[in-house]
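The structure under discussion appears below in the form of structure tokens.
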Amino acid sequence: MPTTDTLSNELEPVTIENPVAGIDQTKGDFQYDVTYEFDAGTGLTEKTVDYISAVKKEAPWIREFRQNALKVFRAKPMPTHWATKDLENINFDKIRYYLASGQKPKRTWDEVPDDIKRTFERLGIPEQERKYLAGVEAQFDSEAAYSNIKDIVAKQGVIFVNSTEGLREHPEIFRKFFGKVIPTGDNKFSALNSAVFSGGSFIYVPPGVKVAQPLQAYFRINAENFGQFERTLIIADEGSEVTYMEGCTAPKFSTSTLHSAVVELVALKGAKIQYITVQNWANNVFNLVTKRGVAHEEAEIKWIDCNIGSRLTMKYPGVVLKGRKARGEVISIALANDGQHQDTGAKMIHAADETTSNIVAKSISVGQGRSTYRGVVHIPKHLKGCKNNTECDALLINTNSRTDTYPAITVRGDRNYVQHEASVSKVNEEMIFYMQQRGLTEGQAMSLAVNGFVNDLARQFPMEYSVELKRLIDLEMEGSVG
Amino acid sequence: MSSLVIQDLHVAIGEKEIVKGLSLTINSGEVHAIMGPNGTGKSTLAKVIAGHPDYTVTGGDVLLDGASILEKEADERARAGIFLAFQYPSEIPGVSIANFLRAAQQARMAEGEELDASAYYKRLYAKMDMLKIDRKFTSRSVNEGFSGGEKKRCEILQMAMLEPKFALMDETDSGLDIDALRIVSEGVNTLKGPNLGVLMITHYQRLLNYIVPDFVHVMYDGRIVKSGDKSLALELESKGYDWVKKELVTA
């Protein structure tokens, strides 16, 4: 007879008896005083950009790149003709663009200054690293405080450092791909990031190397009125495979905080990149992130994106399917609670024959929360054998919730195949009563309904992240019952 | 030994009174059947006892072991031992039966206390064996795409796991063919015993061929108008509900 444990695993792969200590919103809502050695001050001018570049001892071309980006940022209007007017409430003159306690991340936790270390210990990062990660980078405001990769992975030739170090130590790889997937002028916020970027990860995986465990970055905003602008570049060389996970938190401040990252992925022939985000921002954070990957021949890029928290998130991970038989996928979960707007989606640009893309977006709107799906699928006329599947499902809880779907699917030619499905469902009173009649409180019932709604997606996540997602949903739903 | 006492209960939806002074006492170990024509308030009675938010109690009381439950939320009543087997159970997409029951068990435990997963599955499988339910069943989403018979079996399985003091069975026979009816009835008969009181609400006598009641009550226009033993059900079957109406008029 099989043991009961085995049976329970077969039946319920997602359920875990004792969830590992993940992050939750109460856990993220704290702040320790930190003395910053480097501070670019408040507001954004050429001097701010020069300061950041000088502190990082950058090559002249990078400084020029930054200064040029600042010009582009200033020239570009806010995208408020299609996006929410709430963007106009960002006051760029009141933000601090660079805050760091040191320039070089530590390789062991013992070396990390105590005031920063205790933050990450409280968030459980060192513990997770020991348990299941191949490498960790922990960014505190503008710079990585800690960065380490396990020996076994480093010996395979895998590079995993922060972007500053990547530019300094590996310019020959970095420069070749940097800013190529997402050019400075892509949008106003990619330009802003290009001017003041700091931190983020640089990853290179050599041909044929399959990194067995995930690499993880953790982004922590600690300071008030601060902007975090990490820049991540991941290159998976031919036939290689890598999974990258990022988590993010910030304490709750009365003023708003800006997080504006740029993430570029390059999957060369036959390579696979899986990029997983579980963000849990405090509800004063403007989260405006540009994420895109290029998939070459037979390569695969998969974005798994869970957006919980923040005041406004605008994020549409994309894949440019550049080589024949390339595959792109976006799996997205967004939960908009009271006072929050999740404006998320996906972009799939087919640029070669027989490329396939898959988008599954699920959003949950609670109370006054608002969620918006925006998608772009582009298949030009001259291509053949391309396929796209798009599914957008929205779940509404309480009558004031709002959800909008803007799918823009452009398919030309008659040799391609596209499928689009959308649904809106409500957690109705009868369902809640049914669950309450079995002994669950109203909050537990709603939480279970939401977890059920995202269950088919959560099953695709690594175990630790699906547990964390469940915990975050539980907390959001418990708090939403009056 | 527990008791569920309904005292002169009056219930309304909005302005409309549906239950008009109903009294009934059910003790552990007893099986009561309430029969009556459509629209007389049978299902309302079951939902009100379970705490459905759509109904307003305008008079009377419902006591579980001597204490009123009317001020309690539906989930508190459930945890106190009231189980409603729904006529139309809700679908919960993406939530497996095993996970749902596990959440229901967890909700019955003190804060900070964790359910022992292996003991839980052991118990679940034992109950499923007892009810002759296939093991694959509990990995399906609750009621999603279930046939009428599967939905009712799912209700019986939940009842077996949650071990209520009183089970209110709302039209358990509706939508079932003879085979499904027999299987579900066997389930209820298996769960019957000295620690469980059952209130069966049914329109037809045929269910009572399978689950034999100790008491039969006829409900009409929001009240119980006639009570007796199982022979009353047979009499109703042969004479029809008109017979009760006529008797009422003559009385």
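For chain A, a Kirkwood radius taken over Cα pairs fed into Stokes-Einstein (10 °C, viscosity 1.306 mPa s) yields D = 70 µm²/s. Checked against a 32 Å cut-off, the cross-linked pairs A:56/A:347; A:104/A:272; A:117/A:269 give Cα-Cα distances beyond that limit for A:56/A:347; A:117/A:269.
Applying the Karplus relation 6.51 cos²θ - 1.76 cosθ + 1.60 with θ = phi - 60° to region A:327-332 yields 3J(HN,Hα) values of 10, x, 9, 10, 10, 10 Hz, where x marks Gly and Pro. Between region A:278-330 and region A:223-251, the C-alpha centres lie 11 angstrom from each other. Taking amide hydrogens as placed 1.01 Å from N in the peptide plane, the amide H of residue B:84 sits under 5 Å from those of B:168, each at least 5 positions away in sequence or on another chain. Using R0 = 22 Å, the C-beta based FRET efficiency linking residue A:425 and residue A:478 works out to 0.55. Think of region A:427-482 as having a plus end and a minus end, set by charges on the Cβ of Lys, Arg, Asp and Glu; of A:455, A:432, A:445, A:455 sits farthest toward the positive end of this dipole.
In nm, give the distance between the simple-model label positions of residue B:250 and residue B:8, each being 7 Å from the Cα along the Cα-to-Cβ direction. Going by the 7 Å Cα→Cβ label model, 3.0 nm. Screening chain A for whole DSSP H helices with an alpha carbon extent of at least 18 angstrom along the helix axis and a mean Kyte-Doolittle hydropathy of at least 0.0 yields A:442-458.
Here the gap between residue A:75 and residue A:252, fully extended at 0.36 nm per residue and compared with their Cα-Cα distance, gives a gain of 60.5 nm. Put a dot 7 Å past the Cα of residue B:177, heading toward its Cβ, do the same for residue B:195, and the two dots end up 3.6 nm apart.
Considering only the other residues whose Cβ falls under 15 Å of the Cβ of residue B:89, what net charge follows from Lys and Arg at +1 and Asp and Glu at -1? Net of charged neighbours comes to -3.
Computed about the Cα centre, the dipole magnitude for the protein assembly as shown is approximately 2220 debye when only Lys and Arg (+1) and Asp and Glu (-1) carry charge, each at its Cβ. As a proxy for reagent exposure, ranking B:174, A:201 by other Cβ atoms within 10 Å from fewest up yields B:174, A:201. With the charge dipole of chain B set up from +1 on Lys and Arg Cβ and -1 on Asp and Glu Cβ about the Cα centre, the Cα lying farthest toward the positive end among the listed residues B:210, B:31, B:58 is that of B:210.
Would you list A:248, B:154 from fewest to most Cβ contacts within 10 Å? Each step should come with its number before you reach the end.
Details: A:248 26, B:154 23.
Placing the least packed residue first, the sequence is B:154, A:248.
When N is the residue count of region B:66-107, what does its C-alpha Rg come to as a fraction of 2.2 N^0.38 Å? Could the numbers behind the result be given before it?
On the way: Rg = 12.5 Å, N = 42, 2.2 N^0.38 = 9.1 Å.
For region B:66-107, the normalised Cα radius of gyration is 1.38.
Normalising the average separation of contacting C-alpha pairs (under 8 angstrom, six or more residues apart) by the number of residues puts the relative contact order of region A:417-482 at 36 percent.
Derived scalar couplings between HN and Hα for region A:216-224 equal 10, 10, 10, 10, 10, 9, 10, 9, 7 Hz in order, rounded to whole Hz, by the Karplus curve 6.51 cos²θ - 1.76 cosθ + 1.60 (θ = phi - 60°), x for Gly and Pro. For the residue pairs A:291/A:325; A:291/A:322; A:71/A:188; A:47/A:94; A:180/A:291, alpha carbon separations beyond 18 Å are given by A:291/A:325. Computed over the alpha carbons of region A:103-159, Rg followed by Dmax gives 11.4, 34 Å.
Using only the alpha carbon atoms of region B:3-250, find the Kirkwood hydrodynamic radius as the inverse mean reciprocal pair distance, in angstroms to one decimal. One decimal place: 18.8 Å for the Kirkwood radius. Amide H contacts under 5 Å for residue A:324: A:297, A:298, restricted to partners 5 or more places along the chain or on a different chain, H placed in the peptide plane at 1.01 Å from N. Normalising by the residue count of chain A, find the relative contact order in percent from Cα pairs under 8 Å and 6+ residues apart. This gives 10 percent for chain A.
Over 31 Å between C-alpha atoms is what I'm after, so list which of A:176/A:210; A:302/B:152; A:176/A:252; A:57/A:155 land there.
A:302/B:152; A:176/A:252
The residue among B:100, B:143, B:11 whose Cα reaches farthest toward the positive pole of the charge dipole of chain B, with charges on the beta-carbon of Lys, Arg, Asp and Glu, is B:143.
Under the criterion of Cα pairs below 8 Å and six or more residues apart, the relative contact order for chain B equals 29 percent.
Of all lysines in the structure, those lying under 24 Å Cα to Cα from residue B:239, and not within fewer than 8 positions of it along the same chain, are B:42, B:226, B:230. For residue A:346, the residues 5 or more places off, or on other chains, whose built amide H falls under 5 Å of its own are A:374, A:375, A:376.
Between residue B:129 and residue A:168, the modelled label-to-label distance comes to 6.6 nm, taking each label 7 Å out from Cα in the direction of the beta carbon. Between residue A:68 and residue A:88, the C-beta separation translates, for a Förster distance of 30 Å, into a calculated FRET efficiency of about 0.75.
When B:243, A:281 are sorted by how many other C-beta atoms sit within 10 angstrom of their C-beta, beginning with the fewest, the order is B:243, A:281. Across region B:187-200, coupling constants 3J(HN,Hα) worked out from phi with the 6.51/-1.76/1.60 Karplus curve, θ = phi - 60°, read x, 4, 4, 5, 7, 4, x, x, 9, 10, x, 10, 10, 9 Hz, and Gly and Pro carry x.
Using the Cβ-Cβ distance between residue B:68 and residue B:136 with R0 = 51 Å, the FRET efficiency computed as 1/(1 + (r/R0)^6) comes to roughly 0.75.
Here, each number is a calculation from the coordinates, and none is a lab measurement. Not measured: the values here are computed from a predicted model. Please note: Cβ atoms are built from the backbone with ideal geometry, for glycine as well, and neighbour counts cover all protein chains shown.
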